[in-house]
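This report refers to the structure that appears directly beneath it.
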Amino acid sequence: MLLDATQNMLPEQAPVLQAIRVIDQAQAKIALVVDAKGRLTGSVVDGDVRRGLLHGHSLQTPVSDIMHRQPYTLPVGSTRQKILQAMQVLEIKQVPLVSPEGMVTGIAVHDLLLGLQHGQRPNHVVVMAGGKGQRLLPITQDLPKPMVPVGGKPILEWILLRLRHYGFREFSFAINYLGHMIEDYFGDGSAFDCRIRYIREKEFLGTAGALSLLPPGDAHPLVVTNGDILSGIDFGHLVDFHADGGRSATVCARAHRVEVPYGVIQMSDGCLQGIVEKPVHDHLISAGIYVLSPQVLPRIPQGQALDMPELLLSLIDEHHKIGVFVLEDEWVDVGRHDDLERVRRSFTDQG
């Protein structure tokens, strides 16, 4: 969705005060400076105004004296995905779209492109937080794995904070083992500026079975993540990737390298054909983070154990389109003691 740029445009001779009014009143918080022929020559945002005033300019100074003379623009007809990618890389929230002649045809605004209301996404997030965490015993003897502390907070809180950063506010935690400790800590989510509901598994339902206990009727893709995953993933980009591809499901994948520390024998008919010294094999592994379109949920058997790989493979068998979103960010499955210690050291090094 593009905004009409007319109310954001100013002539080069307009005073800085007029630019402030545009930034304050227009939906896109940017003033676009144009020449006598209406071609874009610069842009002004809050930071430009502050810097101008600090350098001795007044509110009556021509806006051309403080404007950014090489504003980032995209050509008319740019796809939604291209615009969002540019915004992510440059960490900007609005981009003017211009014709080959330099005329502004509209302004792309981040939240409007994502369908956000007041910076919020409508997608529901389910965090699978019911596992016993047996590989982390004895730590998990009296503590559910998602509540294991890292950097002064439970793993689950770090997951929640990252999702909230990307505009997600509606959560369900699937709980079982020592689930009351999770409920006691997070409550209804109001202390974390979100809403949290609980899926209470009476028995373990796997990594997908608990989704059958969700109330029906959600029209937006569902984000599902394991409760022991710490990652630098941009969850907003993930949901956009899923939505733009017409996919029934998307699975996040992570590069994983396996190094064999020995010479590997190659043989045929009992005879040596070669020796490969310490070969390296690269794979993509499932990262435990998924997006499911609404039509997938009714396929999950009510109250029966089901793991996510089974669900995805059944969709493939019926020729559904399943996307793979390859993570290039930091990612740790905090399921073993060495992983936990590595993550804790990284937090100590950062702080």
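The values are calculated or read from the model by the stated rules, or taken from the named source; none is laboratory data. Keep in mind that this is a model prediction, so the values were computed, not measured. With ideal geometry, Cβ positions are generated from the backbone for all residues, glycine too; neighbour counts draw on all protein chains shown. Heavy atoms of the whole protein, side chains included, go into the accessibility calculation; ligands, DNA and RNA do not. Shrake-Rupley method; radii C 1.70, N 1.55, O 1.52, S 1.80 Å.
Solvent exposure of the chain amounts to 53 Å² per residue of accessible area, where only protein heavy atoms count and the probe is 1.4 Å. Heavy-atom accessible area with a 1.4 Å probe sorts Tyr72, Tyr262, largest first, into Tyr262, Tyr72.
For the stretch 228-351, just say rounded, prolate or oblate: build the C-alpha gyration tensor, square-root its eigenvalues into a ≥ b ≥ c, call rounded for a/c under 1.5, and beyond that prolate if a/b exceeds b/c, oblate if not. It comes out oblate by the Cα gyration axes. Given their separation in residues at 0.36 nm each and the Cα-Cα distance between them, Gln81 and Lys132 gain 14.4 nm when the chain is fully extended. Only one residue of Tyr198, Ser212, Tyr185 has its Cα farthest out toward the positive end of the dipole of the stretch 182-226, where Lys and Arg carry +1 and Asp and Glu -1 on Cβ, and that residue is Ser212.
Lys37: which aspartates and glutamates have alpha carbons under 20 Å from its alpha carbon, excluding same-chain residues fewer than 8 sequence positions away? The reachable aspartates and glutamates, counting only those whose Cα sits under 20 Å from Lys37, are Asp4, Glu12, Asp65, Glu101. Checking (1) 23.7; (2) 20.7; (3) 21.3 against the coordinates, the calculated Kirkwood radius over Cα pairs in Å falls under label (1). With the whole protein complex present, Cys194 retains an accessible surface near 20 Å², based on a 1.4 Å probe.
Placing Met308, Met147 in order of accessible area, with the largest value first and a 1.4 Å probe, yields Met147, Met308. Restricting the calculation to Cα atoms, the stretch 173-275 shows an Rg/Rh of 1.19 when the hydrodynamic-style radius is the Kirkwood one. The helix-based estimate of mean residue ellipticity at 222 nm for the chain, built from -39,500 (n - 2.57) per DSSP H run of four or more residues and divided by its residue count, is -7500 deg cm²/dmol to the nearest 500. In the stretch 103-204, the inverse of the mean reciprocal separation of distinct Cα atoms equals 15.1 Å; this is its Kirkwood hydrodynamic radius.
Taking the protein heavy atoms of the stretch 1-136 in the context of the full set of protein chains, the accessible area attributed to carbon and sulfur is 52 percent at 1.4 Å. Given +1 at the Cβ of Lys and Arg, -1 at the Cβ of Asp and Glu and no other charges, the dipole of the stretch 218-351 around its Cα centre is 80 debye to the nearest 20. Accessible area of Lys145 (1.4 Å probe, protein heavy atoms only, ligands and nucleic acids ignored): about 30 Å². Angle of helix 80-90 to the longest C-alpha principal axis of the chain, folded into 0 to 90 degrees and rounded to 10: 90°. Neighbours of Thr6 by Cβ distance under 15 Å: Lys/Arg scored +1, Asp/Glu scored -1, total +1. Here the chain is scanned for GluC sites (Glu not before Pro) in DSSP loops (not H, G, I, E, B) that have at most 13 other Cβ atoms within 10 Å, and the longest stretch holding none of them is 204-317. Normalised by 2.2 N^0.38 Å, where N counts its residues, the alpha-carbon radius of gyration of the stretch 71-146 equals 1.89. Would you work out which of Met103, Ser58, Gln85 lies farthest towards the positive end of the dipole of the stretch 1-117, given +1 charges on the beta-carbon of Lys and Arg and -1 on that of Asp and Glu, about the Cα centre? Most positive-ward Cα: Gln85. Helix 16-25 axis versus longest C-alpha principal axis of the chain: approximately 40°, rounded to the nearest ten. Here the chain is assigned +1 on the Cβ of each Lys and Arg and -1 on the Cβ of each Asp and Glu. Its dipole about the Cα centre then comes out at about 540 debye. All alpha carbon pair distances within the stretch 13-72 were sorted into 5 Å bins beginning at 0; the resulting P(r) in whole percents reads 4, 21, 33, 26, 12, 3, 0.
Stretching the chain fully between Arg342 and Arg39 yields a gain of 103.7 nm (0.36 nm per residue, less the alpha carbon separation). What the Cβ-Cβ distance of Asp282 and Leu90 gives, at R0 = 41 Å and to the nearest 0.05, is a FRET efficiency of 0.85. If both residues of a DSSP beta bridge must be in the chain, then about 60% of such bridges are antiparallel. Averaging the sequence gap over all C-alpha pairs within less than 8 Å and six or more residues apart, then dividing by the number of residues, gives the stretch 223-316 a relative contact order of 33 percent.
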